[in-house]
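Below: the structure, in structure tokens.
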Amino acid sequence: MSGSMGANEMTAQPKPPPCILVIFGAAGDLTKRLLLPALYNLRRAGLLPEEFALIGVARHDENDDTFRQNLGDALRKFVPGGAEKDDCLWLAERTYYLRGDLDDPAAYTRLAELLAETDRTHGTRGNCLFYLATPAAAFSTVVRQLDKAGFARETDGRWRRVIIEKPFGNDLRSAQELNREILGVLAESQTYRIDHYLGKETVQNIMVFRFANGLFEPVWNRDHIDHVQITVAETIGVEQRGRFYDATGALRDMVPSHLFQLLTLTAMEPAAGFDADDLRAEKTKVLNAVHSFGGKHGWANVVRAQYGAGSIGDREITPYRQAPNVAPDSVTETYVALKVMIDNWRWAGVPFYLRTGKSLARRRTEIAIQFKQAPLAFFNDTPVERLTPNDLILHIQPDEGVTFGFGAKIPGPTVRIAGVEMKFNYQDYFRTAASTGYETLIYDCMIGDATLFQRADNIEAGWRVVQQILDGWAEERVTELPIYRAGSEGPGEAEELLRRDARRWRAINGGDLK
């Protein structure tokens, strides 16, 4: 794992070997908003090889010149503070475009010719990184075509690697089938299943925070932690993605990927070292230890809901069912909350509450750990009626950092306690440059480090948990879901999920754990 991709120490990282990056789906938003700015940031940090080239593949009617123009436009628009002309020119001089359908063998024949010519021009030594920035339905198609065209074979010291975006399957069976198809063509060592959350500094820092500090790891267990809350809240609604989202929903879209990544990093045992396979094995063990969601008992630990009308800032939000390409009688959830129990020695009896939703009060992703309260007996003869809980908040977005809350005496002649906070913010402390979160992941793939990528068993273990919930919902056959107001904290049913345990959610708009 390469570590920080925004700090000054970034320049101390070795450059990757020469290579060509081929992006399938290069005309899409992912490429424009995130991948191209990430490549620009890597170039600015000195972390792209001089022998580098970029090939975009899409069905749009473009050519090298128009694609290079689009690259420049994207960098000017999506790089904070604007892009430097020299670095834009450096990328443009190494950028090419190929028009073709992803299922057309002739397109891959033309790609082979372009790869050979580009390799000769830029000295990339036959190394290729293929990025599937395509709809999930095209993953198998592209991998099969890469195999038929001979692009998957690694010979004479040349490496070939494939990055596959989420969603990786839409249930357990489809994820297993996709793994079988991909691993029938590629070795696991060539396969990089990406989750961009793992490129965020605070997410990577979870392991450092836990395992490099003697202060925290000894109390990171059931003896000292009361419960954990993991939140991925979005203010955006379904927007123009109704067709995709109505067939997917919040559970499939966010839980097997983002939320379970945060869960496993928080709950995993220390691995023998930073070896990619050792770390990923420990993450899989966490998911394999998740208590079953089968039966009515399991369903009682899951809440789903849809957003209705409301407002966020000065934006009026229309109900989910009125969004374009959403069925007017849809029962697809835009919000889901889970109470997860992990049946192992470290976490027995400690609930992990997970929630994610659209059109909520604030954009916020965080992990909140509340420690068990100290005994109150020492303060029996004082005005203190309750103790301030100790909570540790790992802020992942929009502002990356850590907050630790604890109790302190209020100045005065009597003993009174108030909550205070110590805060650490990445931007303030390290003066990090802006990043997309993809810099680290693209760089790691170029150097062959799979630590931050999901292995086949990671993917399937997550889907096994989620499949139990999907099966339960299929049995329920509901025709209506609870509705929460757009711009709110979410449905009341989610509050009840914690209230019955005498706990409360940390407010999305801010606030302490209770």
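When Lys166 is tested against (1) without any contact (Cβ under 8 Å) to a residue 24 or more places away in the chain; (2) not assigned by TED's automatic domain parsing to the domain that holds Arg362, exactly one condition is not met: (1).
Restricting attention to the range 240-256, the residues being surrounded by 23 or more Cβ atoms within 10 Å (Cβ to Cβ) and among the small types (Gly, Ala, Ser) number 1.
I'd like to know if the range 159-180 contains one or more residues that are assigned to a helix (DSSP H, G or I) and basic (Lys, Arg). Yes: the range 159-180 contains one or more residues that are assigned to a helix (DSSP H, G or I) and basic (Lys, Arg). Might you let me know whether the range 291-300 holds any residue that is buried (at least 23 other Cβ atoms within 10 Å of the Cβ), on the phi < 0 side of the Ramachandran plot and either in contact with a Cys (Cβ under 6 Å, 6 or more places away or on another chain) or not basic (Lys, Arg) (or both)? Yes: the range 291-300 contains one or more residues that are buried (at least 23 other Cβ atoms within 10 Å of the Cβ), on the phi < 0 side of the Ramachandran plot and either in contact with a Cys (Cβ under 6 Å, 6 or more places away or on another chain) or not basic (Lys, Arg) (or both).
To keep it simple, each residue is scored yes or no on (1) of a type in the set (Asp, Glu); (2) in contact (Cβ under 8 Å) with a residue 24 or more places away in the chain; (3) under 20 Å from Phe24 (Cβ atoms).
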| site | (1), (2), (3) |
| --- | --- |
| Gln69 | no, no, no |
| Ala83 | no, yes, no |
| Tyr96 | no, yes, yes |
| Asp103 | yes, yes, yes |
| Ala106 | no, no, yes |
| Leu111 | no, yes, yes |
| Arg120 | no, no, no |
| Leu129 | no, yes, yes |
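For the range 449-474, a residue qualifies if it is assigned to a helix (DSSP H, G or I), among the aromatic types (Phe, Trp, Tyr) and within 27 Å of Asn205 (Cα to Cα), and exactly one does: Trp463.
None of Thr155, Thr141 is of a type outside the set (Asp, Glu), over 20 Å from the mean Cα position of the chain (by Cα) and in a helix (DSSP H, G or I) except Thr141. The residue that is nearest to Glu460 (Cα to Cα), counting only those in the range 172-208 that are out of contact with any His (no Cβ under 7 Å at 6 or more places or on another chain) and among the acidic types (Asp, Glu), is Glu177. Select from the range 218-243 the residues that are over 24 Å from the mean Cα position of the chain (by Cα) and acidic (Asp, Glu) and write down the one among them that is nearest to Leu263 (Cα to Cα). Once the filter is applied, the top-ranked residue is Asp226.
The values are calculated or read from the model by the stated rules, or taken from the named source; none is laboratory data. None of these values were measured; they are calculated from a predicted model. Cβ coordinates were reconstructed from backbone atoms using ideal geometry, including for glycine residues, and neighbour counts include every protein chain displayed.
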